[in-house]
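Working notes, structure below.
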Amino acid sequence: MNAVTPNQIMQQNRREPVSQATTVEQSRAVAEVQAAVIVAQNRPRNEAQAMAKAMESCRQWPVAEGAFYKFPRGGETVAGETISLAVELARCWGNVQYGVMELARNDDAHESEMLAFAWDLETNTQSRQTFLVPHKRDTRQGPKVLTDMRDIYENNTNNAARRLRECIFRILPPYLKEAAKQTCLETLERGQGEKPLQVRIAEAINSFKAIGVSQDRLEAKLGGSANWTAVDVANLQVSYRSVKRNEVSADEEFPRVGASETAEAGKRLVDRAKAKVEPKPELEAEVEQGRSDEQMGDQHSGAEPEREEGAGDDGELPPWTDAAQDVRDTALGARSMDDIKDAARKLDNIRVTLPEKVEKELDQLITDGRAAYQKKDA
């Protein structure tokens, strides 16, 4: 058995040398943190001025408009303050460092190790969260593994933003958060340019009409528009922005009349079609009863709806046509990969209501569009 010489032990324990650039960057980072702590200690914040600065910021419409979020979870609606508001309060409070970092990425396990942190340099109060982010997106058909680099980046960023928001709020005084929340709500209630309430109500109705939500659906949730208050309009603003950001769908926030019954009946029709069983006439009538108000309005006016591909032999439109058409239009009119991803998200939200044939057609459109833009980007 050969003896191990001291020289061999030294060679085995010797680490790979780091580059000069890495050494310089490590030294710079340490010096930067030390300097920030010294400045924070020598120039402590004036809390009264910081509070006033934060409240003045919350009185500005762009800040108040993006201060809240809303999305469905477990049959309920979850609402709260956004990362945008947290970051703005940290800026106004001063002497705060925050951020997110990807510590490691494992492509074989399809996950990233992330770090979110917030640090009050003046009080040395810190909040840090280390967490794993799976490279997956939840769909109605189960988790979908992400392989596109941009999809992974956006998924990591979205998950990290929620942790960062909580880290920042943990190091800020609770009274600052509550005062900011109340001020933002007051700003939303007041509206832009001190417009009369009736004008803001009309603008809110028109805004929702542009995204396919009729006044009847708004009034079904809030009551008659003649009785809406400034608080109602402010809540509509939050809902509108949540719908536009795809945090919640319009149908989830403002259900159609009989929408749940229609979806359930549609699902049973799909199950019967897969089993090659002829649907019963009363089941077809149940689905027929859930048609949209617009289609019923066309019938009362004497106008016949245009026949869409996938409609029944009698030319009647199934209750899922509007949503499916929206997905098709988004995919066919896509001008970028983001539009294709938007179409895919919309499709995931309505899959349960679609016949198998329509679902496959829309899936193919999205697949073709994704392939076309990937080839173009390459």
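Each residue in the range 204-218 was checked for being within 21 Å of Arg190 (Cβ to Cβ), in contact (Cβ under 8 Å) with a residue 12 or more places away in the chain and polar (S, T, N, Q), and 1 of them qualify. Considering only the range 28-50, I want to know if a residue exists there that is more than 26 Å from Phe117 (Cα to Cα) and either part of a loop (DSSP other than H, G, I, E, B) or modelled with pLDDT under 90 (or both). No: the range 28-50 contains no residue that is more than 26 Å from Phe117 (Cα to Cα) and either part of a loop (DSSP other than H, G, I, E, B) or modelled with pLDDT under 90 (or both). Based on what the data block shows, is Lys181 open to solvent by 30 Å² or more (accessible area, probe 1.4 Å) and at pLDDT 85 or above? Yes, satisfied.
Is at least one residue of the range 63-79 modelled with pLDDT of 90 or more and surrounded by fewer than 17 Cβ atoms within 10 Å (Cβ to Cβ)? So that I can check it myself, show each step before the final result.
Initial filter on the range 63-79 (modelled with pLDDT of 90 or more): 63.
Filter again for surrounded by fewer than 17 Cβ atoms within 10 Å (Cβ to Cβ), leaving none.
No: the range 63-79 contains no residue that is modelled with pLDDT of 90 or more and surrounded by fewer than 17 Cβ atoms within 10 Å (Cβ to Cβ).
Looking at Asn95, Asn106, which is the one that is open to solvent by 30 Å² or more (accessible area, probe 1.4 Å) and free of Cβ contacts under 8 Å to residues at least 12 places away in the same chain? First the steps, then the outcome.
Numbers: Asn95 fails: free of Cβ contacts under 8 Å to residues at least 12 places away in the same chain.
The unique qualifying residue is Asn106.
Every test in (1) open to solvent by less than 60 Å² (accessible area, probe 1.4 Å); (2) part of a helix (DSSP H, G or I) is passed by Arg162 save one, and that test is (1). Among all residues of the range 122-138, there is at least one that is open to solvent by 80 Å² or more (accessible area, probe 1.4 Å), touching a Lys or Arg at 6+ places or on another chain (Cβ under 7 Å) and of a type outside the set (Asp, Glu).
The values are calculated or read from the model by the stated rules, or taken from the named source; none is laboratory data. Since this is a predicted model, take the numbers as computed values, not measurements. Here the Cβ is made from the backbone with ideal geometry for all residues, glycine too, and neighbour counts use every protein chain on show. Just the protein is used for accessible areas: all its heavy atoms, side chains included, with ligands, DNA and RNA removed. Shrake-Rupley method; radii C 1.70, N 1.55, O 1.52, S 1.80 Å.
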